[in-house]
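The values are calculated or read from the model by the stated rules, or taken from the named source; none is laboratory data. What you are looking at is a predicted structure, and each value in this text was computed from that prediction instead of being measured. Glycine also receives a Cβ, built like all others from the backbone with ideal geometry; neighbour counts cover every protein chain displayed. In case anyone asks, the SASA skips ligands and DNA or RNA and just uses the protein heavy atoms, side chains included. Shrake-Rupley method; radii C 1.70, N 1.55, O 1.52, S 1.80 Å.
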Amino acid sequence: MNERRLDFHRTVIVVIALLILLTLAALYAPRFKQPAVKPKATPSTRPVTPTVELWLSTANRRLKLQQQSDIEMTARGSLPADIVIDVQKKYQTMVGFGAAMTDSSAWLLQNKLNFFQRRALLHELYGPPPNLGLNMMRLTIGASDFSLKPYTLDDVPFGQVDPQLLHFNVTPTVHDVVPTVRQILAIDPGLRIVASPWSAPAWMKTSENLIGGELLPQYESTYADYLVKYLDTYLGYGIPIFALTLQNEPGFVPITYPGMEMPAATRARIVAQYLGPKLASRKQKTQILEWDHNWNQPEQALSVLATPDASGYIDGVAWHCYDGSQYAQSRVHRAYPTKDTYITECSGGDWASSINGELLWFTRELLVTGIRQWARGVIYWNLALDEQHGPHFGGCDACKGVITIDSRTGAVSRNDEYYALAHFSRFVLPGAVRVESTLTDKGFANVAFQNASDGSIVLVMVNSNTDAHPVSVAQGQTRFEYTMPPQSVATFVWNTSQTEAWTRRALEWLKSAK
């Protein structure tokens, strides 16, 4: 009985509440106005086209990788274009760009900069865009001409030998090279390192000296063990090595710093019988690059690659820029298209040919042409030298680094090579693919890429002429025009998907804000 009364009272309360709500609605209804119907917007007949971002440097150093106003793209139409980019025609996938962390470079960074200066500089050089974004490096296995003293990693008193490598140690590198590379790996864990020896230990050589001579045949297996021990020791420091070469400049015997001649037959035999099998059995993979010397002797690389027992272990060919033509790279690539191509050394310097700067030469000859001739990566020689082109032990006394560190003040100067590299490394991301772009007139060079991450197109152009050069560029259904200033380098970046373009800008902003 009580339950029925409770239900009755609940029903009455609900009915009263509904009546109150209906009354209030009726009272306030006139206060609401019917929203006016807005006229439908007339769709624009102007097509939505992407804009082109532009960064510019000039040989007179008035502009140094400075961003310019965006360029509007238009519909391509039927007009011809000077440069036509075809993203359907793809070539090599890019690995990256960098410079050598020689003993001299590491010593300057560790001894002439304080902790905060060094951290800021390394982040500028190796941090992601809008930093420089360098992601490749070359290390010397033992001393080079850019070391403070000659040494290898298994030096024993004259007249003694160490075939078991019991005296192997990397002590000369633990104070400067090792900590510097570890700091860089903390910034970019994907850093790709190519390592090259300048000389075997003296007791392995015909000269019994770090300068001159050849490797004694009885130590070829030991030399392979020496290189593998280097890989293991550096890996123990948290430094993985991406690729090895058997010998820096094996066709040249220097007389003022460590070096060693190593003929093609010797290189082929060491790879086929010793180093190749040893590396193939390792869990931590390290590539083998052949030659590591100038463009003027492509037959050297061709000879080793023609040795089947060696060729199977060789992943690519390394080149230097000091003699010959970049087209040697294509000659070897055509013969062995599955072998990669890298430029592992090229240095600028204060010599007569550089009196007007080196921005144009390095961008046009080393980077644009070198990449058009199949290079997947480009590594400059010294990352850093001081105002006296050192410190160094023999060798080049006029070489420059990517940067100059003043040995008295620690002030950092960014050289032409810095900006030449930056026009690529900031925009052409690892995994980007070189795509087809029309060759242009003499004095005007270009190379194009498509980034894998967002599909953006990167076009680098060089105008070596002393007058301005108008140029038109077409890609897909769009085109743009620009007048290149005299003696200038330009990097153009665009994305045919505007959404992806804004996403890329947002990602760059977030990275720079970290």
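I'm trying to understand the selection: among the residues of the range 349-390, which are out of contact with any strand residue (DSSP E or B) (no Cβ under 6 Å at 6 or more places or on another chain), open to solvent by less than 10 Å² (accessible area, probe 1.4 Å) and small (G, A, S)?
Answer for the range 349-390, where residues must be out of contact with any strand residue (DSSP E or B) (no Cβ under 6 Å at 6 or more places or on another chain), open to solvent by less than 10 Å² (accessible area, probe 1.4 Å) and small (G, A, S): just G390.
So L109 fits all but one of (1) under 30 Å from V433 (Cβ atoms); (2) among the hydrophobic types (A, V, I, L, M, F, W, C); (3) surrounded by 14 or more Cβ atoms within 10 Å (Cβ to Cβ); what number is the exception?
Just one mismatch for L109, condition (1).
May I ask you to verify whether P277 is open to solvent by 20 Å² or more (accessible area, probe 1.4 Å) and part of a loop (DSSP other than H, G, I, E, B)? Even if it seems obvious, please write down each step before you answer.
On the way: open to solvent by 20 Å² or more (accessible area, probe 1.4 Å): yes; part of a loop (DSSP other than H, G, I, E, B): no.
For P277, the condition - open to solvent by 20 Å² or more (accessible area, probe 1.4 Å) and part of a loop (DSSP other than H, G, I, E, B) - is not met.
Conditions (1) under 26 Å from the mean Cα position of the chain (by Cα); (2) at pLDDT below 95, marked per residue:
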| site | (1), (2) |
| --- | --- |
| M262 | no, no |
| A265 | no, no |
| A268 | no, no |
| Q273 | no, no |
| K278 | no, no |
| K283 | yes, yes |
| Q287 | yes, no |
| W291 | yes, no |
| N294 | yes, no |
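How many residues does the range 450-496 hold that are of a type outside the set (V, I, T) and either assigned to a strand (DSSP E or B) or more than 28 Å from the chain's Cα centre (by Cα) (or both)?
Within the range 450-496, the subset of a type outside the set (V, I, T) is 450-456, 459, 461, 463-465, 467-470, 472, 474-477, 479-482, 484-488, 490, 492, 494-495.
Of the ones still in play, those that are also either assigned to a strand (DSSP E or B) or more than 28 Å from the chain's Cα centre (by Cα) (or both) are 450, 459, 461, 463, 467-470, 472, 474-475, 477, 479-482, 484, 488, 490, 492, 494.
The total comes to 21.
Do we find a residue being more than 19 Å from L139 (Cβ to Cβ) and either in a helix (DSSP H, G or I) or out of contact with any Gly (no Cβ under 9 Å at 6 or more places or on another chain) (or both) anywhere in the range 376-386? Let's see the steps before the verdict.
Here is the first cut: in the range 376-386, the ones more than 19 Å from L139 (Cβ to Cβ) are 386.
Okay, now just the ones that are also either in a helix (DSSP H, G or I) or out of contact with any Gly (no Cβ under 9 Å at 6 or more places or on another chain) (or both), so none.
No, the range 376-386 contains no residue that is more than 19 Å from L139 (Cβ to Cβ) and either in a helix (DSSP H, G or I) or out of contact with any Gly (no Cβ under 9 Å at 6 or more places or on another chain) (or both).
Tell me which of these A411 doesn't satisfy, since it passes every other one: (1) crowded, with 20+ Cβ neighbours inside 10 Å; (2) over 13 Å from the mean Cα position of the chain (by Cα); (3) among the aliphatic types (A, V, I, L, M).
It fails just one condition, (1).
Of the residues Y219, Y226, Y257, Y237, which is within 15 Å of L139 (Cα to Cα) and either buried (at least 20 other Cβ atoms within 10 Å of the Cβ) or touching a residue at least 24 places away in the same chain (Cβ under 8 Å) (or both)? Before you say what the answer is, go through the steps one by one.
On the way: Y219 fails: within 15 Å of L139 (Cα to Cα); Y226 fails: within 15 Å of L139 (Cα to Cα); Y257 fails: within 15 Å of L139 (Cα to Cα).
Among Y219, Y226, Y257, Y237, only Y237 is within 15 Å of L139 (Cα to Cα) and either buried (at least 20 other Cβ atoms within 10 Å of the Cβ) or touching a residue at least 24 places away in the same chain (Cβ under 8 Å) (or both).
Taking helices (runs of 4 or more DSSP H) that fall entirely within the range 101-209, which contain at least 1 residues that are of a type in the set (D, E)?
Numbers: elements: 103-111, 115-126, 177-187.
The helices (runs of 4 or more DSSP H) meeting that bar are 103-111, 115-126.
Quick check, is E249 in a loop (DSSP other than H, G, I, E, B) and within 28 Å of L109 (Cβ to Cβ)?
On the way: in a loop (DSSP other than H, G, I, E, B): yes; within 28 Å of L109 (Cβ to Cβ): yes.
Yes: the conditions hold for E249.
Those residues that are within 22 Å of F393 (Cβ to Cβ) and either in contact with a strand residue (DSSP E or B) (Cβ under 9 Å, 6 or more places away or on another chain) or not aliphatic (A, V, I, L, M) (or both), I need them from the range 207-226; list them, please. Break it down into steps so the answer makes sense when it comes.
Residues of the range 207-226 that are within 22 Å of F393 (Cβ to Cβ), as a first pass: 207-215, 226.
Listed by number, the residues that qualify are S207, E208, N209, G212, G213, E214, L215, Y226.
Would you tally the residues in the range 170-194 being among the hydrophobic types (A, V, I, L, M, F, W, C) and buried (at least 22 other Cβ atoms within 10 Å of the Cβ)? Before you say what the answer is, go through the steps one by one.
Going through the range 170-194, the residues among the hydrophobic types (A, V, I, L, M, F, W, C) turn out to be 170, 174, 177-178, 181, 184-187, 191, 193-194.
Then drop every residue that is not buried (at least 22 other Cβ atoms within 10 Å of the Cβ), which leaves 177, 184, 193-194.
Of the residues in that region, 4 qualify.
Among the residues of the range 315-327, is any of a type outside the set (G, A, S) and closer than 21 Å to M204 by Cβ? Let's see the steps before the verdict.
Within the range 315-327, the subset of a type outside the set (G, A, S) is 315, 317, 319-323, 326-327.
From what is left, the residues that are closer than 21 Å to M204 by Cβ are none.
No, there is no match, as no residue in the range 315-327 is of a type outside the set (G, A, S) and closer than 21 Å to M204 by Cβ.
Return a yes/no flag: does the range 324-342 have any residue that is over 24 Å from K90 (Cβ atoms), touching a Gly at 6+ places or on another chain (Cβ under 9 Å) and crowded, with 18+ Cβ neighbours inside 10 Å.
No.
I'd like to check something: does the range 391-399 contain any residue that is buried (at least 23 other Cβ atoms within 10 Å of the Cβ) and out of contact with any His (no Cβ under 9 Å at 6 or more places or on another chain)?
If we filter the range 391-399 for residues that are buried (at least 23 other Cβ atoms within 10 Å of the Cβ), which is where we start, we get 392.
From what is left, the residues that are out of contact with any His (no Cβ under 9 Å at 6 or more places or on another chain) are 392.
Scanning the range 391-399 turns up at least one residue that is buried (at least 23 other Cβ atoms within 10 Å of the Cβ) and out of contact with any His (no Cβ under 9 Å at 6 or more places or on another chain).
List the pairs whose first member sits in the range 392-409 and is of a type in the set (K, R), whose second member is open to solvent by 40 Å² or more (accessible area, probe 1.4 Å), and whose Cβ atoms are under 9 Å apart, counting only residues at least 6 apart or on separate chains?
K400/D350; R408/K112; R408/E387
Among the residues of the range 140-164 satisfying the criterion of being hydrophobic (A, V, I, L, M, F, W, C) and open to solvent by less than 10 Å² (accessible area, probe 1.4 Å), which is farthest from E249 (Cα to Cα)? Quick ask: steps written out before the conclusion?
Within the range 140-164, the first condition is being hydrophobic (A, V, I, L, M, F, W, C), and the residues that meet it are 141, 143, 146, 148, 153, 156, 158, 161.
When the remaining residues are screened for being open to solvent by less than 10 Å² (accessible area, probe 1.4 Å), the result is 141, 143, 146, 153.
Numbers: I141: 13, A143: 14, F146: 15, L153: 19 Å.
My answer is L153.
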